[in-house]
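Below is one structure, written out as structure tokens; the observations come after it.
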Amino acid sequence: MPALIAPSILAADFANLQRDCEMVNQSEADWFHLDVMDGVFVPNISFGMPVIQAISKHAKKTIDVHLMIVQPERYLETFKEVGADVLTVHYEASTHLHRSLQSIRGLGMQAGVALNPHTSVSLLADTLEDIDLVCLMSVNPGFGGQSFIEGTYRKVEQLRKMIDERGCNTKIEIDGGVKANNARQLIDAGADVLVAGSFVFRSEDPVATIAELKRV
């Protein structure tokens with residue numbers, strides 16, 4: 001089964017955001033990936049609830065929200081209200097991860113957990129059954145356009161083995177540095193969702209680039 005493709009709106013042209021959202025709608029992409037950064041958990045600030053609400057008015061596909069913020073549990077209900085379908089919190093920012101996962105699911109969203117490059121997948125052993133999506137950061141979070149970290153392949157393989165052994169339906173998402181030249185290896189290692197930002201939005205033909213990823 002082909003991987004799901006989730007263009008990262010962080011790399012879109014914010015002066016032409018509706019245009020870029022319509023492009024994603026018309027493409028073979030499966031999800032909109034939205035990175036929320038607070039300037040505390042990561043050294044950058046992106047966008048918040050009003051922008052997500054505006055995007056959700058135009059988006060015809062799943063809205064995948066990735067929270068790179070401290071104390072994400074404060075805003076779970078709000079992100080549901082502005083249109084999130086999948087809501088991902090960082091393991092490193094969640095003091096009470098199990099509670100947050102239960103709350104996200106209780107609000108009717110899919111619950112995701114993101115891991116920074118240095119964080120071991122083994123730390124999810126006690127919560128895997130409660131996780132719908134694991135987002136493996138394949139760059140250091142905070143900025144787009146970074147180089148892919150090669151050790152990600154090994155982490156994907158380790159996580160895929162954990163998921164399969166437990167009989168879970170958890171999806172593996174890769175976020176950072178995804179391009180056509182590493183997409184196949186990621187899928188072969190066990191990835192289900194590929195987030196692509198700069199590779200899509202800085203290409204001459206984003207629709208064709210999304211189609212290329214879909215056919216890898």
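Give the residue that is nearest to M137 (Cα to Cα), with candidates limited to residues of the range 179-216 that are touching a Ser or Thr at 6+ places or on another chain (Cβ under 7 Å) and β-branched (V, I, T). Out of the qualifying residues, it is V195.
Taking the range 58-80 as the range and being among the charged types (D, E, K, R), touching a residue at least 12 places away in the same chain (Cβ under 8 Å) and surrounded by fewer than 23 Cβ atoms within 10 Å (Cβ to Cβ) as the test, the residues that pass are K60, K61, E73, E77, K80.
Any residue that is within 19 Å of P7 (Cβ to Cβ), assigned to a helix (DSSP H, G or I) and of a type in the set (A, V, I, L, M, F, W, C) - is there at least one of those in the range 53-71? Scanning the range 53-71, I find at least one residue that is within 19 Å of P7 (Cβ to Cβ), assigned to a helix (DSSP H, G or I) and of a type in the set (A, V, I, L, M, F, W, C), so the answer is yes.
Scanning the range 186-212 for residues that are under 18 Å from L133 (Cβ atoms) and of a type in the set (A, V, I, L, M, F, W, C) yields L186, I187, A189, A191, V193, L194, V195, A196.
Going by the conditions given, is G167 at pLDDT below 95 and at positive phi? Answer is no for this residue.
Being closer than 25 Å to D188 by Cβ, of a type in the set (A, V, I, L, M), surrounded by 15 or more Cβ atoms within 10 Å (Cβ to Cβ) and out of contact with any Asp or Glu (no Cβ under 8 Å at 6 or more places or on another chain) is the requirement here; does I163 meet it?
So I163 fits the description; yes.
Comparison of V195, V200, V178 shows that the only residue that is in a helix (DSSP H, G or I) and either at pLDDT below 95 or surrounded by 23 or more Cβ atoms within 10 Å (Cβ to Cβ) (or both) is V200. If only residues of the range 46-55 that are surrounded by fewer than 18 Cβ atoms within 10 Å (Cβ to Cβ) and under 19 Å from V195 (Cβ atoms) are counted, the one that is modelled with the highest pLDDT is V51.
Whether any residue in the range 110-128 is within 28 Å of R202 (Cα to Cα), of a type in the set (A, V, I, L, M, F, W, C) and modelled with pLDDT under 95 is what I want to check. There is no residue in the range 110-128 that is within 28 Å of R202 (Cα to Cα), of a type in the set (A, V, I, L, M, F, W, C) and modelled with pLDDT under 95.
Scanning the range 1-20 for residues that are surrounded by 15 or more Cβ atoms within 10 Å (Cβ to Cβ), closer than 22 Å to Y75 by Cβ and more than 13 Å from the chain's Cα centre (by Cα) yields one hit, L17.
The values are calculated or read from the model by the stated rules, or taken from the named source; none is laboratory data. The model shown is predicted, which means the values in this text are computed figures rather than measured ones. Reconstructed Cβ throughout: ideal geometry from the backbone, glycine too, with neighbour counts over all protein chains shown.
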